[in-house]
Amino acid sequence: PRLCVVGSGPAGFYTAQHILKHHGGARVDIYEKLPVPFGLVRFGVAPDHPEVKNVINAFTQTARSERCAYYGNVTVGKDVTVAELRQAYHAVVLSYGAEDNRVLGIPGEDLSGVYSARAFVGWYNGLPENRDLKPDLSCETALILGHGNVALDVARILLSPLHLLRKTDITDSSLAALACSKVKRVWLVGRRGPLQVAFTIKELREMINLPGARPVLNPADFTGLENAIKDAPRPRKRLTELMIKTALEKPGEKTMEVQAVAAQAAAPREWGLKFQRSPQEVLPTTDGRRARGVRMALTRLEGSGDSAKAVPTGDVEELECGLVLSSIGYRSRPLDPAVPFDTQRGVIPNSSGRVEGVPGLYCSGWVKRGPTGVIITTMNDSFDTAQSVLEDLRVGVLDVSASREGFGAVESILGSRGVRPVSFSDWEKIDAAEVARGKAAGKPREKIVDPQEMLQLIGR
């Protein structure tokens, strides 16, 4: 069987890995829009979380397998269509992720000083499309809309001491911009309450322990929550307890922590969580060009737990800030008119990864289940799709008796359109160059952010 996977992030690589491991004869080709592989592991994971990027080693093993090939710099839907891939392969798996962000849909969203967290993360992580973002960091107060791990990542990068960031693979230009940043206060605002936050305890603890930054949590937000979490699942319980403890801790309460608290009290930077506020409008400066604050509707919760809904109370509040980052979720886009797409949910309609109504077409990752979860979630999800493919091979739903040309057919299509794919050994040259540049600066790597420069490096 000749199979192909579209997208080289965790979903694509885990799908390929599982198929190759459990089928001794399958060949898998991986197509990627960028010259460089690994998707959100490279462009989404925070630079100060290098341990999360260790999965790259396993992905590299997969890509080096003699039954696997990587073709970068190929945009499926433009350079080659899904229909053309389906002609060339016995099965096609779409694992291209979520390359868009949800919009707030409020007035003032397009003022200068307002960015999506997705673009901001892409900027400091060297995603080519965001390399010219040039976010304005000349204000003291930043407002992040959203209570997920990405919101905490962005807050942490904005407030991290430079000496910590200098040792990471953060891009050179974003490091320079952060060195001149005036931001010293970051508010993370959510529509619902402390029991509905989506971030995890590891990320919260990291934020609380961030050197030179003081957490500002309002004790009133947490009254009575000890009772409410008695029967909550353990992760939710521990997370809420940590917030309560942080909100109620008074300087000097614990002898051990006196110095830490005193240092924090004198901390030049601060961050805090605000709850039950829903953005209504980004307020413009007098010249109407820039953001100067956000008007928020105060909300009350109807229902409890994860399904609680935020309903406006009629009261509003204004918060001053010169930088607004919206971190309310990523979104998948339709790739090709030939592929069914549920625009409401932003996913390809499927059951266990089998695309509805299109035999031989599959999906995995965020485009399959929506943009939630961490790498391990995506791993399990991709194994599930890979199982569907293996099962369909076993029972003959996929007809392998008809031979398929695989990349041979695609290569001539790409050639006729003037597209030259980048191989995995090409990527390894780019990788080596980045690591060498990083070494000179005392970093794990210095990412190349311009695709043209990547292509020049491999002699294009």
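Quick notes on this structure:
- Of the numbered criteria (1) part of a loop (DSSP other than H, G, I, E, B); (2) open to solvent by less than 20 Å² (accessible area, probe 1.4 Å); (3) over 27 Å from Glu206 (Cβ atoms); (4) β-branched (Val, Ile, Thr), the one Val103 fails is (2).
One line per residue, one yes/no per condition, for (1) open to solvent by 20 Å² or more (accessible area, probe 1.4 Å); (2) among the polar types (S, T, N, Q); (3) farther than 18 Å from Tyr330 by Cα; (4) under 12 Å from the mean Cα position of the chain (by Cα):
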site	(1), (2), (3), (4)
Asp110	yes, no, no, no
Tyr115	yes, no, no, no
Arg118	yes, no, no, yes
Asn125	no, yes, no, yes
Pro128	no, no, no, no
Lys134	yes, no, yes, no
Gly146	no, no, no, no
Val154	no, no, no, yes
Ile157	no, no, yes, no
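- Sole exception among (1) aliphatic (A, V, I, L, M); (2) loosely packed, with under 15 Cβ neighbours inside 10 Å; (3) at pLDDT 95 or above; (4) closer than 24 Å to Glu66 by Cβ for Ala402, by number: (3)
- Selection within segment 269-301 - open to solvent by 10 Å² or more (accessible area, probe 1.4 Å), under 17 Å from Lys184 (Cα atoms) and within 25 Å of the chain's Cα centre (by Cα): Glu270, Lys274
- Residue in segment 349-358 that is closer than 30 Å to Thr200 by Cα, in a loop (DSSP other than H, G, I, E, B) and without any contact (Cβ under 8 Å) to a residue 12 or more places away in the chain present: yes
- Selection count, segment 182-203, where residues are open to solvent by 20 Å² or more (accessible area, probe 1.4 Å) and under 26 Å from Glu51 (Cβ atoms): 5
- Residues in segment 302-326 that are touching a residue at least 40 places away in the same chain (Cβ under 8 Å) and outside any strand (DSSP E or B) were compared, and the one that is surrounded by the most Cβ atoms within 10 Å (Cβ to Cβ) is Cys321.
- Search result, residues across segment 9-34 that are in a loop (DSSP other than H, G, I, E, B) and surrounded by 24 or more Cβ atoms within 10 Å (Cβ to Cβ): Gly9, Glu32
- Number of positions in segment 133-159 that are assigned to a loop (DSSP other than H, G, I, E, B) and either of a type in the set (A, V, I, L, M, F, W, C) or under 17 Å from Ala119 (Cβ atoms) (or both): 8
- Scanning segment 172-209 for residues that are touching a residue at least 60 places away in the same chain (Cβ under 8 Å), under 15 Å from Pro47 (Cα atoms) and touching a helix residue (DSSP H, G or I) at 6+ places or on another chain (Cβ under 6 Å) yields a count of 1.
- For the criterion of being open to solvent by 40 Å² or more (accessible area, probe 1.4 Å) and touching a Gly at 6+ places or on another chain (Cβ under 6 Å), Ala220 fails.
Yes/no matrix, rows are residues, columns are (1) under 28 Å from the mean Cα position of the chain (by Cα); (2) of a type in the set (S, T, N, Q); (3) surrounded by fewer than 17 Cβ atoms within 10 Å (Cβ to Cβ); (4) not in a helix (DSSP H, G or I):
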| residue | (1), (2), (3), (4) |
| --- | --- |
| Thr372 | yes, yes, yes, yes |
| Phe383 | yes, no, no, no |
| Ser388 | yes, yes, no, no |
| Gly396 | no, no, yes, yes |
| Glu411 | no, no, no, no |
| Asp426 | yes, no, no, no |
| Arg437 | yes, no, yes, no |
| Pro444 | yes, no, yes, yes |
| Ile448 | yes, no, no, yes |
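- Every pair of residues 6+ apart whose Cβ atoms lie under 6 Å, when the first sits in segment 122-136 and is farther than 14 Å from Glu99 by Cβ and without any contact (Cβ under 8 Å) to a residue 24 or more places away in the chain while the second is surrounded by fewer than 20 Cβ atoms within 10 Å (Cβ to Cβ) and of a type in the set (A, V, I, L, M): Leu133/Ala119
- Just one of the listed residues (Tyr96, Tyr71) is surrounded by 20 or more Cβ atoms within 10 Å (Cβ to Cβ), in a strand (DSSP E or B) and either out of contact with any strand residue (DSSP E or B) (no Cβ under 6 Å at 6 or more places or on another chain) or hydroxyl-bearing (Ser, Thr, Tyr) (or both), namely Tyr71.
The values are calculated or read from the model by the stated rules, or taken from the named source; none is laboratory data. As the structure is a prediction and not an experimental result, all values here were calculated from the model. As a convention, Cβ positions derive from the backbone with ideal geometry for all residues, glycine included, and neighbour counts pool all protein chains shown. We work out accessible area using only protein heavy atoms, side chains counted, and drop any ligands, DNA or RNA first. Shrake-Rupley method; radii C 1.70, N 1.55, O 1.52, S 1.80 Å.
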